[in-house]
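Take a look at the structure below.
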Amino acid sequence: MELKHSQLDEAVSRGLISAAQADGLWAFLSAHAQERPALRLTHVLYYLGGLIAIGAMTLFMNLGWERFGGWGLFFIALAYAGGGLWLTRYWLACQQPIPAGIAAAFVVSLTPLAVYGLQVALGGWAEGMVYRDYHQLIDWRWLMMELATLATGALMLWRYRLPFMVMPVAVTLWYLGMDLTPLLFDSSDPELNWELRKFVSLVFGTAMLLLAFWVDVRTRHDQDYAFWLYLFGVLTFWCGLSLLESDNELGKFGYFCINLGLIALAALLGRRVFAVFGGLGAAGYLGYQARHVFGASLLFPFALSAIGLGVIWLGLLWQRHERTVGAKLRRRLPQPLRELIENRQ
């Protein structure tokens, strides 16, 4: 809930708090609001500039950079990383944690370039593959770059504890899950390889979600370090799940139930990303039913409308009794999980 200064003024007029208390509370809330990411123009500019800088050294690098050679790329990455570390410390000293976190994420994102340059310089890189392919092709030879990035991210998080640094770590875990498939399952059958990729995506996404939940519980009294892990964990899990094919209606209904479970998790953990992907999956299943199962039935649109209105009614009913029911349910949960849910509400 967003609190406005006019609401504090109204509380003063009703005699609930004094004017001095209202001013002090507003100053306190304003100071903490600056530390949290939100849709403010300043924060949008922070992230836009940071993502442009990160993209320049990752997604948007062209073949012209290969002219610098291995050692050239390695030392360029080190120089940029040094500048990023200086900016991180400078902005932290200026009490600006959001730009400091972006600068630190920039440093982590330079790790693949540095490792690639070092491998090329030492003659340990195969011909025909260039750094630009790192973000485009799935190949087990990127593993050294990915493992080094994870190690750098862990070290930076231990040193600076800035949540946005988890973003390149989460992206790297996503890459790692895809690149492990050709290493673990070397098959000459393209169809089998595709099935294995979907299975690995499903399993790796589940593992990333469990990691995100563990991080969420461990940092429930701190800043939000789990957001990016949840995002890429759900993305990896949901894509693998959605690409799995089922020849029977029971399997498709199971897919629908899993997506409803994701929506329930969104309400439980306060993570909207679960609701987004769960809603897409549930809508896809209902669309399938409309086209292939009930396509010729005149009653299906009416039944679907009734279901939609019923879901809205359940939402209103839940809103009315949320505090009472939620309190009873939370009393049955372990204390760390109970505190996590309360902090996310």
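The values are calculated or read from the model by the stated rules, or taken from the named source; none is laboratory data. Given the structure is predicted, the values throughout are model-derived calculations rather than measurements. Don't worry about glycine lacking a Cβ; one is built from the backbone with ideal geometry, like all the others, and counts go over all protein chains shown.
Numerical summary
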read-out	value
Any pair with Cβ under 8 angstrom, 6 or more apart, that starts in segment 113-129 at a residue that is part of a loop (DSSP other than H, G, I, E, B) and ends at one that is of a type in the set (A, V, I, L, M, F, W, C) and at pLDDT below 90	MET129/LEU137
Any chance LEU304 is surrounded by 11 or more Cβ atoms within 10 Å (Cβ to Cβ), farther than 28 Å from ARG197 by Cβ, more than 22 Å from the chain's Cα centre (by Cα) and modelled with pLDDT under 80	yes
Of the criteria (1) among the hydrophobic types (A, V, I, L, M, F, W, C); (2) modelled with pLDDT under 85; (3) surrounded by fewer than 17 Cβ atoms within 10 Å (Cβ to Cβ), which one LEU260 fails	(2)
Residues that are exposed (fewer than 15 other Cβ atoms within 10 Å of the Cβ) and not hydrophobic (A, V, I, L, M, F, W, C), drawn from segment 194-241	ARG218, HIS221, ASP222
So GLU245, is it modelled with pLDDT under 75 and among the acidic types (Asp, Glu)	yes
Set TYR90, TYR116, TYR134, TYR80: member being within 20 Å of ARG161 (Cβ to Cβ), surrounded by 13 or more Cβ atoms within 10 Å (Cβ to Cβ) and within 28 Å of the chain's Cα centre (by Cα)	TYR90
Residues within segment 239-278 that are of a type in the set (D, E, K, R), in a loop (DSSP other than H, G, I, E, B) and more than 18 Å from the chain's Cα centre (by Cα), tallied	2
Some residue of segment 98-108 being surrounded by fewer than 18 Cβ atoms within 10 Å (Cβ to Cβ), of a type in the set (A, V, I, L, M, F, W, C) and assigned to a helix (DSSP H, G or I)	no
Count of segment 25-74 residues which are more than 16 Å from PHE164 (Cβ to Cβ) and either among the charged types (D, E, K, R) or modelled with pLDDT under 75 (or both)	19
